[in-house]
1. In the range 728-766, how many residues are closer than 30 Å to Ser656 by Cα and either touching a helix residue (DSSP H, G or I) at 6+ places or on another chain (Cβ under 7 Å) or in a strand (DSSP E or B) (or both)?
2. Among (1) in contact with a helix residue (DSSP H, G or I) (Cβ under 8 Å, 6 or more places away or on another chain); (2) crowded, with 17+ Cβ neighbours inside 10 Å; (3) free of Cβ contacts under 8 Å to residues at least 60 places away in the same chain, where does Gly639 come up short?
3. Conditions first: (1) in contact with a Leu (Cβ under 7 Å, 6 or more places away or on another chain); (2) β-branched (Val, Ile, Thr); (3) in contact (Cβ under 8 Å) with a residue 40 or more places away in the chain. Thr500 passes all but one, so which condition is the exception?
4. So, in the range 389-419, of the ones that are in a strand (DSSP E or B) and open to solvent by less than 20 Å² (accessible area, probe 1.4 Å), which residue ends up nearest to Ser316 (Cα to Cα)?
5. Return the residue satisfying two criteria in turn: it lies in the range 599-611 and is hydrophobic (A, V, I, L, M, F, W, C) and in contact (Cβ under 8 Å) with a residue 60 or more places away in the chain, and of such residues it is most open to solvent (accessible area, probe 1.4 Å).
6. Could you pull out the residue among Val621, Val588, Val678 that is at pLDDT below 90 and among the β-branched types (Val, Ile, Thr)?
7. Kindly list the number of the only condition in (1) closer than 30 Å to Leu753 by Cα; (2) touching a helix residue (DSSP H, G or I) at 6+ places or on another chain (Cβ under 8 Å) that fails for Val162.
8. What number of residues within the range 618-636 satisfy the criterion of being over 22 Å from the mean Cα position of the chain (by Cα) and open to solvent by 40 Å² or more (accessible area, probe 1.4 Å)?
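The values are calculated or read from the model by the stated rules, or taken from the named source; none is laboratory data. The model shown is predicted, which means the values in this text are computed figures rather than measured ones. With ideal geometry, Cβ positions are generated from the backbone for all residues, glycine too; neighbour counts draw on all protein chains shown. Each accessible area value is taken on the protein alone, full model and side chains, heavy atoms only, with ligands, DNA and RNA left out. Shrake-Rupley method; radii C 1.70, N 1.55, O 1.52, S 1.80 Å.
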Amino acid sequence: MKFGMRVRGGLLAALIMLVTPLAATVAAGLASSQALAQTVDSIEVEGNRRVETATIRSYFKPGPGGRLDQGHIDDGLKGLIETGLFQDVRINQAGGRIVVIVVENPVIGRVAFEGNKKVKDEQLSSEVQSKPRGTLSRPMVQSDAQRIADIYRHAGRYDVTVVPEIIDQPNNRVDLIFTITEGQKTGINSIEFVGNVVYSSYRLRDVIKTRESNLLSFLGGSDTYDPDRIEADRDLIRRYYLKHGFADVQVIAALTEYDPQRKGFLVTFKIEEGQQYRVGSVNYQSSIPALDGNVLARFSRVGVGSIYNAEALEKSVEEMQIEASRRGFAFAVVKPRGDRNFESHTVSIVFAIDEGPRTYIERINVRGNTRTRDYVIRREFDISEGDAYNRALVDRAERRLKNLDFFKTVKITNEPGSSSDRVILNVELEEKSTGDFSVSGGYSTTDGPLAEVSVSERNLLGRGLFGKVSVTYGQYARGVSLSYVDPYVLDYRVALGLDTYFREQLPNQFISYGTKTIGFSPRLGFALREDLSLQLRYSIYQQDISLPSFLNNCNNNPNNGLPFNPSPAFASTPAGQALIQQLIPGGVDPSGTGLFCYADGEASLPVRKELAGGATITSAVGYSLTYNTLDNNKNPTGGLLVDWRQDFAGVGGDVSYLKSAIDTKYFIPMVADIVGIVHAQGGIMNAVGNSQLRMLDQFQMGPNLVRGFAPNGIGPRDINPFGTQDALGGTQYWGASLELQMPFWFLPKEIGLKGAVYADAGWLGDYRGPTDWAFTGEVNTPGCIRPTNNGPAFPAASGTCLGLQYDPQNIVRSSVGVGLIWQSPFGPLRFDYAIPLTKGPHDVVQQFKFGGGTTF
């Protein structure tokens, strides 16, 4: 019995010992839950000065019944920290109370930049996220410092350091100062190509945009290291090879390595060229029953036997797809397929024309155009909202927008529309400056020193208009011009241009007379094809001719109030001798030569006849047809350029003629980066009706036809020994030139120097201008040089006066020469030294010629 009592007592004691701690734990948990299970309104906030208490409480989201548990409090704490408004956030829980203690971040009073000279404050302010009157966030400050460093690195300054400094101010405010050490520009010390066999490194350096640093690099920016530009260069190299038949080409890598000793980058492009392919066959396959693929063949730019050209293939696809759309197959898709034959190195091309998905354009969104009007961008599209989606037309619109040169970047992307058959086009743009102020200077052996100041705007008022005002002032040439172009007249793809100008040419060593011309010329331009353009124009201008007084001072009439200064012809007559004895002291020619007014020279008859006739108004209509397949308009290495021009004068005005001219240049890439140029030109001028042609309207030629001769140095010429022997020009000319341009392989490509050797030949003749003073109703003797203001009472005696003596010089001129071409940072410069091989007896030779200029 006692034993049983002891057992039960022990069990009871053990049970009590087990239950007591458990009960205590449960009671504590209940007490804790009661303490935490508060409402949002019961939360106390301390330390906040700017942020309202209700705002802080709003980060604590209650659960069911409006109660808060530990999870809700932790979420609220995390949310407050993520706002960036506070330096510190703590939560105290005691006595059933929740107290949120915050330390607010200070307010930024000002953001300043120190040490920046190459990048303006405005650009840096627009890039950083920390703003005045905003809350200071230290992670954001570090991010801003990195963003500033990235701006400098994109400008080629990789030694830049940016140190942010926070300066405390009263009332919990701070000033944020970014101290910038810009460092030197980090340039490209060398550009190398590995794996290129067919094309030399010299040629490939001309393909890419990046350049090596040199002594003149400070005038440009293409020698600075820019990873985005180098990546773009990889694509340029690849496209260059694809354009010239290398269908398997791969630009494996563009390796960049920083050389700390030379403080610059070494760039190496690794290339696998592969083999060059030709087109083996071209076929057209259409899966659209009503569309015969062969009808699109005429839009193909690839032909059997030609070198495979990926660029021509892309343009063919575009033209064929657009033509299919015009024929009513709006959803037709042209896809090229090329099957390589690795043994014969040919590509069999198949253009597959299939029915694409029936997708329509729901909307075209234009973004980023803060200045350019929407319609200026939308008019570059040949499609609009509601039209069938055509990728070829979208690509063409993107190319047109890039060619406008209004934007830094242009990108057109697609996104799904409101239904499966709808698509939205997003046009993302980044605008750039389109205004130019330039001061240009130059020198030529023809015009002497020359300066020009011009102001132009390519996107006038954001309407896509072009305007330019320029003033030119030189030793022998001066002028003012005003130009305006509207590329879309009445919303048609027709360009309207208006030009107003004033030009003055002063007498110089090549011409004895000066001219002043003021005119106005409207024109219309049409792009018939991508490589063919037409311009229609009308010109009206007034031209005055002037002479120094000593070249036009003969006067046989003593009664007209002008100094008596007889011509030799009049002086030989009895009447003239009598007047000389009467009016000239001693009756002797003051010059002592016996030539009287010819002693100091006298301008040619046609020139003085122009002067006597006064100002002349020319009213002409004309057109130009230009065919251009050049691979590069500024520095071509291949392609053809043909310019055919005709002008008809006689639509009113004082003169009538028909003038025609053609100019053709053919560029041929040859071995070792040598480019051959074949240049042919010619022109003819015909009188209209019974009107006589003016000397000033005829063709005047010199080094523009055959190098080695002076301006106006060849062709018919006045050979009067007492005159100025002016060039008279001609109504017909032709010229031909062969030239080889080659680089100096021992010099860096970036210097921009090339050499040239050439041979020229040409002819100018058939002068049809004035040869005497005969006017209707005048009594002057034909063939005589009429003295100034000679009246009927003082005619030149027949047989005693000198008429226009000129040499028609029906000789083919030719020359050979060498040239130095420099694409300098100061503008293009060219030096030529040519030796005439055949020339006329009265031609004017100028073996050395120099010309060039710059904009800065």
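1. If we filter the range 728-766 for residues that are closer than 30 Å to Ser656 by Cα, which is where we start, we get 728-736, 762-766.
Subset that is either touching a helix residue (DSSP H, G or I) at 6+ places or on another chain (Cβ under 7 Å) or in a strand (DSSP E or B) (or both): 728, 730, 732-736, 762-765.
Total meeting the criteria: 11.
2. Against the list (1) in contact with a helix residue (DSSP H, G or I) (Cβ under 8 Å, 6 or more places away or on another chain); (2) crowded, with 17+ Cβ neighbours inside 10 Å; (3) free of Cβ contacts under 8 Å to residues at least 60 places away in the same chain, Gly639 comes up short only on (1).
3. Result: Thr500 passes all but (3).
4. If we filter the range 389-419 for residues that are in a strand (DSSP E or B), which is where we start, we get 407-416.
Next cut, open to solvent by less than 20 Å² (accessible area, probe 1.4 Å) only: 407, 410, 412.
Values: Phe407: 27, Val410: 23, Ile412: 21 Å.
Out of the qualifying residues, it is Ile412.
5. Just the residues of the range 599-611 that are hydrophobic (A, V, I, L, M, F, W, C), to begin with: 599, 603, 605, 607, 611.
Then drop every residue that is not in contact (Cβ under 8 Å) with a residue 60 or more places away in the chain, which leaves 603, 605, 607, 611.
Values: Ala603: 5, Leu605: 3, Val607: 0, Leu611: 54 Å².
It comes out as Leu611.
6. Details: Val621 fails: at pLDDT below 90; Val678 fails: at pLDDT below 90.
Answer to the selection: Val588.
7. (1)
8. 3
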